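Rule-based calculations on the coordinates, nothing more; no lab input. These numbers were taken from a predicted model, which means no experiment stands behind them. Note: ideal-geometry Cβ built from the backbone for every residue, glycine included; neighbour counts use all protein chains shown.
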Amino acid sequence: MGVLIEVNNVRKVYYIGSLLNRRPVKAVDGVSLKVEEGRTHCIVGESGSGKSTLARIMALIEGPTAGSLNVFGVDSTKYFRKGLRSDERNFIRKNIQIVFQDPYSSLNPRKKVRDILAKPFKIHKISYNEDDLKKLLDDVGLEPPEDYLDKYPHQLSGGERQRVAIARALALLPKVIILDEPTAALDMSIKAQILDLLVKLKKQYNLTYVLISHEVPILTNICDDVTVMYYGKVVESGDCRIFKTPLHPYTIGLLNSVLIPSPESKTRNIFAIPGDPPSSTSVVSGCAFNPRCPLTSEICVKHEPELRDVGINHKVACHKCDQGVFERYEEYRDSIMRIWKEML
Amino acid sequence: MIRLKPLLEVRELTVVYKVRDTMKYAVKNVSFTLGEDEVLAIVGESGSGKSTIALSIVGALPENAVVVRGRILFKGVDLLRLRPSERRDINGKEISIIYQDPIAHLNPLRKVRLIFKDLFEDHGVEFNIQKVLELLRKLKVPDPQRVLESYPFQLSGGMAQRVFIALALVLNPKLLIADEPTSALDLTIQAQVVRLLREVRENFRISMIIITHDIGVAASIADRILVMCDGELVEEGSPEEVLLRPKSKYTANLVNSTKTLYEGVMSWVY
Amino acid sequence: MRWLNSLTICVVLTLLLGIVGLLADLIAPYDPLNTRMFRGLQPPSNVNLMGTDQLGRDVFSWVIYGIRTSLLVGLSSATIAVAIAVLIGLLSGYRGGIIGNTLMRVADVFLSIPRFMLIIVTVVLLSPRISNIILVIAIFSWPEAARVVRSEVLSIKEREYVMAAKALGSRDLDIMVSEILPNVIPTILSLWTLIIADAILTESALGFLGLSDLNYPSLGVMLMMAKNAIFVGGWWVLLFPSIALVILILVFNSLSDKLIERLSPRLG
């Protein structure tokens with residue numbers, strides 16, 4: 001399977017503050033990952049992890065400050081500096097599309113659904129007719145399509161708007177669709193429906209997804225590859241099996257924080273990782289997670305951990321996570337949770 | 001078993017919104033009771049009317065909303081028939097409400113200590129700073145003195161939420177309403193908030209109504225769950241009853257779709 | 001009783017005023033500039049519905065033509081000002097860069113000097129011809145509008161549907177015209193009507209100071225006459241032009257509010 005998008009040590013820095021007092025904000029701080037054809041690559045992270053910035057960079061809406069991004073084998077800097085022939089540029093543009101989180105603001109409130117869906121065709125000067133638009137609406141489950149074509153976004157529900165956003169991304173049959181928190185703003189049952197839709201479309205059109213979310217439950221159902229981000233860096237990555245045996249304390253903590261709708265939840269102790277995530281402007285020494293980590297020690301405060309291999313297709317950036325001492329994985333995990341419970 | 005008089009009794013509540021020239025039913029004939037030291041979760045999707053119920057209880061309905069029918073009895077007194085001044089007396093003192101975004105609801109120009117002072121003065125109670133400090137300590141706020149001297153925007157999200165809860169609890173209300181306390185928050189912060197609410201319940205023996213669209217949140221904290229759909233109350237029961245033996249079709253569908261969502265994580269629970 | 005809502009009333013009044021302005025030649029009974037038709041300072045009567053001023057001019061006719069002048073100056077200068085403001089606001093808001101920022105600094109300079117002083121001085125330096133007055137008002141009105149447009153553009157530019165258009169491959173010009181501009185239109189319309197109201201007031205003020213174009217009767221001129229007329233009991237010289245001016249300004253100010261209210265998209 002080919003690698004469609006390759007992110008190499010990408011950094012993105014923003015500057016905030018006034019003219020005389022500009023402070024850098026490291027939104028993405030050295031992230032590398034590979035998106036392989038036909039697979040769903042999930043990027044897990046919470047606010048401040050840099051995932052949305054990474055999404056915009058991968059969707060070629062912005063360029064990285066440092067590092068490189070290869071899409072379909074082409075260096076993205078060429079894309080931004082007009083170093084490509086126009087047909088190459090169009091090819092790239094057409095084949096990476098993005099769906100945003102907020103279905104309320106990702107559709108132009110002054111345009112009808114029909115205009116929103118026609119836009120991709122118009123921009124790339126591809127002829128289309130009403131049947132093409134209807135088919136798109138059909139594909140995303142908005143039936144009967146005639147009813148939706150002339151509606152404005154404010155006349156649709158959140159789930160319906162998100163479907164229109166997905167249809168828009170699908171219009172030119174891209175190879176890769178990046179989804180930035182596609183279900184975060186939706187109600188629970190709609191989340192499930194949208195997920196089903198995404199799975200169906202992936203099979204139908206041979207799509208490759210980059211799915212970015214902090215909602216762990218939806219990711220565990222759909223992912224093939226996973227990258228976990230914290231404060232602009234990758235802390236754990238690999239294929240979906242890392243959800244069964246995560247090694248990084250943040251990943252373990254995250255999975256344990258999920259509030260499960262089952263009767264046992266009432267009596268079960270709720271776990272929450274203590275402390276708050278670092279704010280975007282705070283300066284952190286060593287490992288960004290160390291103030292909240294149960295395994296923290298001197299080396300964690302002094303040195304940033306590097307991403308290293310810990311198994312087949314499993315990388316972790318941590319000085320101290322090493323299952324080695326424990327025979328079974330569960331013991332490793334339990335020991336970490338024990339320390340954390342005491343911290344709480 | 002002796003049936004204790006319920007703390008809150010909502011009877012046949014019906015609320016209508018006037019939008020342009022049409023009327024839309026937000027809440028249709030909803031009745032339920034809440035006892036002392038009981039936690040109730042009202043679960044529903046957006047537009048189901050769950051928030052409207054909360055707003056009706058605290059009297060914060062928008063201008064275009066009309067309570068067409070019903071009574072809301074709090075300790076036997078119908079809140080809907082009270083004069084605004086009497087209603088104000090109750091809000092903050094007997095019934096408190098917290099929202100999702102604490103910082104948006106705190107005056108950014110006033111130090112936290114003064115925000116508390118204002119609250120005491122509004123209700124004609126003498127300002128007791130020791131009580132505030134003790135409360136903040138109970139809510140696990142580190143260095144409460146410093147927090148009191150800070151401005152809201154200087155606090156981290158988790159800290160601000162604790163201050164907000166402290167404001168809601170400091171006058172010893174009997175009922176705390178939390179309107180979508182976890183929506184749109186990160187996973188770990190959601191867990192923190194629910195943990196905090198549980199601690200509040202255990203430490204203060206207070207009745208709570210949690211409004212949420214997340215069944216996981218409801219299951220983690222509620223004694224009883226109410227399910228709303230399109231303004232109607234379609235299900236009521238303990239978490240076990242609602243999740244394992246739902247009586248209404250809507251609830252059954254809801255539970256099923258969430259089950260598939262959480263499948264990957266359920267087996268993983270520690 | 002939906003038809004009673006304020007936007008309708010505003011629009012109706014605006015149209016009425018417009019008709020008065022357009023058909024001034026037909027409606028006004030006498031030539032307003034003619035000072036030899038009647039005796040000075042006659043109270044309202046069958047001959048002169050609103051009386052005459054000290055120079056014997058029919059106040060009613062003057063007010064009719066005054067409304068026309070106000071509307072002429074108001075609409076022309078506002079349209080020019082808004083056109084400039086939209087252009088500069090869009091470019092500097094969306095593209096930014098050196099040109100955009102410089103233009104905003106220029107606007108700032110304009111804004112920091114008392115506007116009315118500038119207008120008076122400029123009109124005095126040029127001659128008080130109607131075209132100059134329109135241009136001067138326009139030139140000193142665009143900066144504020146441009147700032148407003150720019151700030152709207154800045155915030156719309158960050159909305160996700162603009163990013164989506166970028167991701168689809170839209171060019172900058174297309175994005176500005178097709179995605180951003182339609183969403184700025186409510187603000188633009190509101191600004192336009194506000195500038196009209198302001199321009200009407202400014203034009204009248206110039207008239208009051210004697211700086212108007214003598215061929216175009218200004219309500220302000222009649223108010224200037226009223227200054228002296230009141231001392232000898234000529235209340236009609238003050239009352240009627242004032243009412244006309246107040247109505248003009250009120251109508252356009254309200255129109256501005258109602259437009260923004262009605263046209264802003266419902267966000268769900």
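Taken as a whole, the condition of being of a type outside the set (Val, Ile, Thr), away from chain A (no Cβ under 14 Å) and either farther than 30 Å from C:ARG68 by Cβ or crowded, with 20+ Cβ neighbours inside 10 Å (or both) does not apply to C:ALA205. I'd like to check something: does the stretch A:116-123 contain any residue that is in a loop (DSSP other than H, G, I, E, B) and either in contact with a helix residue (DSSP H, G or I) (Cβ under 6 Å, 6 or more places away or on another chain) or away from chain C (no Cβ under 12 Å) (or both)? No: zero hits. The helices (runs of 4 or more DSSP H) found entirely in the stretch A:1-113 that carry 3 or more residues being more than 25 Å from A:HIS214 (Cα to Cα) are A:76-80, A:86-95. Among the residues of the stretch A:191-214, just one is of a type in the set (D, E, K, R) and crowded, with 18+ Cβ neighbours inside 10 Å, namely A:LYS191.
Listed here are the residues, each with its yes/no results for (1) surrounded by 22 or more Cβ atoms within 10 Å (Cβ to Cβ); (2) part of a loop (DSSP other than H, G, I, E, B); (3) among the acidic types (Asp, Glu).
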site	(1), (2), (3)
C:PRO128	no, yes, no
C:SER131	no, no, no
C:LEU135	no, no, no
C:GLU144	no, no, yes
C:LEU154	no, no, no
C:ALA164	yes, no, no
C:VAL177	no, no, no
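Residue count for the stretch B:24-73 satisfying the condition of being under 20 Å from B:GLU235 (Cβ atoms) and assigned to a strand (DSSP E or B): 17. With the structure loaded, tell me whether A:ALA185 is under 19 Å from A:CYS42 (Cα atoms) and either over 14 Å from the mean Cα position of the chain (by Cα) or surrounded by fewer than 24 Cβ atoms within 10 Å (Cβ to Cβ) (or both) or whether it fails that test. Answer is yes for this residue. For the residues C:SER45, C:SER77, C:SER70, the requirement of being hydroxyl-bearing (Ser, Thr, Tyr), outside any helix (DSSP H, G or I) and farther than 30 Å from C:LYS166 by Cβ singles out C:SER45. Taking the condition in a helix (DSSP H, G or I) and either more than 24 Å from C:LYS227 (Cβ to Cβ) or in contact with a Pro (Cβ under 7 Å, 6 or more places away or on another chain) (or both), does C:GLY93 pass? Yes, satisfied. Condition check for A:LYS112 on (1) in contact (Cβ under 8 Å) with a residue 24 or more places away in the chain; (2) in contact with a Lys or Arg (Cβ under 6 Å, 6 or more places away or on another chain): one failure, at (2).
Of the residues that make up the stretch C:61-75, is at least one under 25 Å from the mean Cα position of the chain (by Cα), within 30 Å of C:GLU152 (Cα to Cα) and among the polar types (S, T, N, Q)?
Yes, some residue in the stretch C:61-75 is under 25 Å from the mean Cα position of the chain (by Cα), within 30 Å of C:GLU152 (Cα to Cα) and among the polar types (S, T, N, Q).
When the stretch A:45-65 is filtered for residues that are surrounded by 24 or more Cβ atoms within 10 Å (Cβ to Cβ), closer than 21 Å to A:ALA288 by Cβ and in contact with a helix residue (DSSP H, G or I) (Cβ under 6 Å, 6 or more places away or on another chain), only A:GLY45 remains.
Considering every residue within the stretch B:22-37, establish whether at least one is surrounded by fewer than 18 Cβ atoms within 10 Å (Cβ to Cβ), of a type in the set (Lys, Arg) and farther than 30 Å from A:GLY159 by Cα.
Taking the stretch B:22-37 as the starting set, the residues that turn out to be surrounded by fewer than 18 Cβ atoms within 10 Å (Cβ to Cβ) are B:22-25, B:29, B:31, B:33, B:35-37.
Next, only the ones that are of a type in the set (Lys, Arg) stay: B:24.
Applying the additional criterion that residues be farther than 30 Å from A:GLY159 by Cα yields none.
No, the stretch B:22-37 contains no residue that is surrounded by fewer than 18 Cβ atoms within 10 Å (Cβ to Cβ), of a type in the set (Lys, Arg) and farther than 30 Å from A:GLY159 by Cα.
Okay, residues lined up against (1) in contact with a helix residue (DSSP H, G or I) (Cβ under 7 Å, 6 or more places away or on another chain); (2) touching a residue at least 12 places away in the same chain (Cβ under 8 Å); (3) not in a loop (DSSP other than H, G, I, E, B):
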residue	(1), (2), (3)
B:ASP101	no, no, no
B:ALA104	no, no, yes
B:ASN107	yes, yes, no
B:LEU114	no, no, yes
B:LYS117	no, no, yes
B:PHE120	no, yes, yes
B:VAL132	yes, yes, yes
B:VAL147	yes, yes, yes
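Selection of the stretch A:306-338 for residues being loosely packed, with under 12 Cβ neighbours inside 10 Å and either of a type in the set (Ser, Thr, Tyr) or part of a loop (DSSP other than H, G, I, E, B) (or both) yields A:GLU306, A:ILE312, A:GLU327, A:ARG328. Out of A:ASP139, A:ASP131, one residue alone is more than 9 Å from chain C (Cβ to nearest Cβ) and touching a residue at least 60 places away in the same chain (Cβ under 8 Å). It is A:ASP139.
Take C:LEU194 and decide whether it is closer than 18 Å to C:PHE140 by Cβ and touching a residue at least 24 places away in the same chain (Cβ under 8 Å). For C:LEU194, the condition - closer than 18 Å to C:PHE140 by Cβ and touching a residue at least 24 places away in the same chain (Cβ under 8 Å) - is met. Selection within the stretch B:178-236: residues that are polar (S, T, N, Q) and away from chain A (no Cβ under 11 Å). The member of this set that is surrounded by the most Cβ atoms within 10 Å (Cβ to Cβ) is B:SER207.
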